[in-house]
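A short reminder: the numbers here are calculations on the coordinates, not readings from a lab. The model shown is predicted, which means the values in this text are computed figures rather than measured ones. Quick reminder, even Gly has a Cβ in these numbers, built from the backbone with ideal geometry, and neighbours come from all protein chains shown.
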Amino acid sequence: MKHRTIRIPVAPGVEIAADVAGPDGAPTVVLGHGGGQTRHSWDRCEVQLARAGFQAINYDLRGHGDSDWSGDGDYGVETRARDLMAVAAQGSRPLALVGASLGGITALMAASLGLEVDALVLVDIVPKMSPVGVAKIRGFMTAHTDGFAAIEEAADAISAYYPDRPRPKDLSGLNKNLRLRADGRYHWHWDQRMMTDARANPDHMLALLDAADWTDRVPTLLVRGMKSDIVDDDGVADLKRRIPHLEIADIRGAGHMVAGDKNDEFNAAVIEFLTRVMPV
């Protein structure tokens, strides 16, 4: 399935890169990846959504992949939510947001700031995250600031962080997440400043979420990896309190990177939900 790549201006000097697949005018599904990933983590999901009759808009978050970095280092969740609103404006209604980890927090914020959505899918993310899991992710994303001498070293770092996932024999896919810089070393292609941006205020998002009216009417699905170190039972109960009609799809054998761990099961759960609550 072919797609077209667009660039969406969201601020002076900042454009968001996105792939668009599926028929124009169809119900739109916007895909937002997790922190440190790129839109290519959704490639198969994008294709399957388009084949199901949806228009998929698969974008790189600000500071990731082919999207621009913030000149002033602004990576606050509200700024990301405004970016998502601009991305969603490229599609049609009805509109669904699918967000993994950071992409899911961004989707929650955008809906709470007034983006009209017809369905929401949160991929292994809840507002009340496990502190142990959060610390593990932050530790990985703030390490290796001097880069890697070879792509194999980056693969070793991923395997050490995520030992349950088999180390791929073909490492060419890592080229989408790494860039060879002038120092002759490979660096993760995300802006490290996002890890220290004080404008990321989770309490502000929670206050907006609790005051929002969409939580009573927008069909919402939480896709949880049963081996996740981010989403625990307390986090699920907290989200259920905020969104009483929440549906939950548990993916066995999957960790926090649900789509990467169990891609077929993940795609099936998302497409079943969307075709039921937002038919083509």
Next on the checklist: Relative contact order of the stretch 155-242, please, whole-number percent, based on alpha carbon pairs below 8 angstrom and at least 6 residues apart.
Outcome noted: 13 percent
Item to check | Under-5 Å amide H pairs with Ser70, H placed in peptide plane, nonlocal only | outcome: Gly63
Checklist entry - With the radius of gyration and the Kirkwood radius both derived from the Cα set of the stretch 93-167, what is their ratio Rg to Rh? => result 1.11
Checklist entry - Please state the relative contact order of the chain as a whole percent: Cα pairs under 8 Å, 6+ residues apart? => result 20 percent
Item to check | Residue-count net charge about Ile151 - beta-carbon cut-off 14 Å; Lys, Arg +1, Asp, Glu -1 | outcome: +2
Checklist outcome for this item: Using alpha carbon centers only, the stretch 1-71 is separated from the stretch 113-143 by a whole-angstrom value of 19 Å
Checklist entry - For the chain, how big is the tail of P(r) above 29 Å, as a whole percent of Cα pairs? => result 28 percent
Next on the checklist: Can you tally the net charge around Ile6? Count Lys and Arg as +1, Asp and Glu as -1, for every other residue whose Cβ sits under 15 Å from the Cβ of Ile6.
Outcome noted: -4
Checklist entry - Net charge near Gly225, counting Lys/Arg +1 and Asp/Glu -1 over other residues with Cβ under 15 Å of its Cβ? => result -3
Checklist entry - How large is ³J(HN,Hα), in whole Hz, for each residue of the stretch 89-99 in order, when computed from phi with the Karplus curve 6.51 cos²θ - 1.76 cosθ + 1.60 and θ = phi - 60°, using x for Gly and Pro? => result 5, 7, x, 10, 9, x, 10, 10, 10, 10, x
